C-alpha cells in the first residue's frame, strides 16, 4: 500500500482520507450554551431596587445572546469572553398594549440563555421582598 500526504488529507491505497481537511472546513457541531452560576442569585423585587446580574458559563456568543428571565426576554446581550453575560435584572414584564407593565413579584424565576446553537440549561434567580 502506498501512502502520501496530500494537500487535502492522507491518501492510503488510493482512498482519500479527508478528515484533516474536513475538520477545518466543517466546524464541530455547535452545542448550546451551558450555565454554571448566576451572581448574585437573588435580589429585591421592585423597580426601586435596580440590580445587575452576571451569568457564568460556556459557549456564549459575542453578540446576540438571548437571556430568558422568567417571562421576560432580554435580547442581544453581549459576551466579551464567551464565558460571562451581564444584564439588568428585569423588575417588570413589558406591556404589549395600553396596559401598564406587570410588576415581577417576589419568587423564583428560571434563567436560560439561547444562541443560534440552542437553549441552555436553567439556573434560578430569586426575587425577594423589597428592602424596608
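Coordinate-derived values only; no laboratory data. For clarity, every value in this text was computed on a predicted model and none was experimentally measured.
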>> At 0.36 nm per residue, and after removing the present C-alpha to C-alpha distance, how many nm does the segment from residue 76 to residue 128 gain when stretched out fully?
In response: 16.1 nm
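What does the extension gain come out to for residue 88 and residue 36, with contour length at 0.36 nm per residue minus their alpha carbon separation?
16.9 nm
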> What is the stretch 34-128's relative contact order, in percent, from Cα pairs under 8 angstrom and six or more apart in sequence?
Replying inline: 33 percent
>> Output needed: percent of Cα pairs per 10 Å distance bin for the stretch 68-109, bins running from 0 to the one holding the longest distance.
In response: 23, 46, 24, 7
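Just the ratio, please: alpha-carbon radius of gyration of the stretch 34-128 over 2.2 N^0.38 Å, N its number of residues.
Numbers: Rg = 13.1 Å, N = 95, 2.2 N^0.38 = 12.4 Å.
Here the Cα radius of gyration is 1.05 times the empirical estimate.
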> Working out 0.36 nm times the residue gap between residue 102 and residue 47, then minus their Cα-Cα distance, what length gain in nm do you get to one decimal?
Replying inline: 18.7 nm
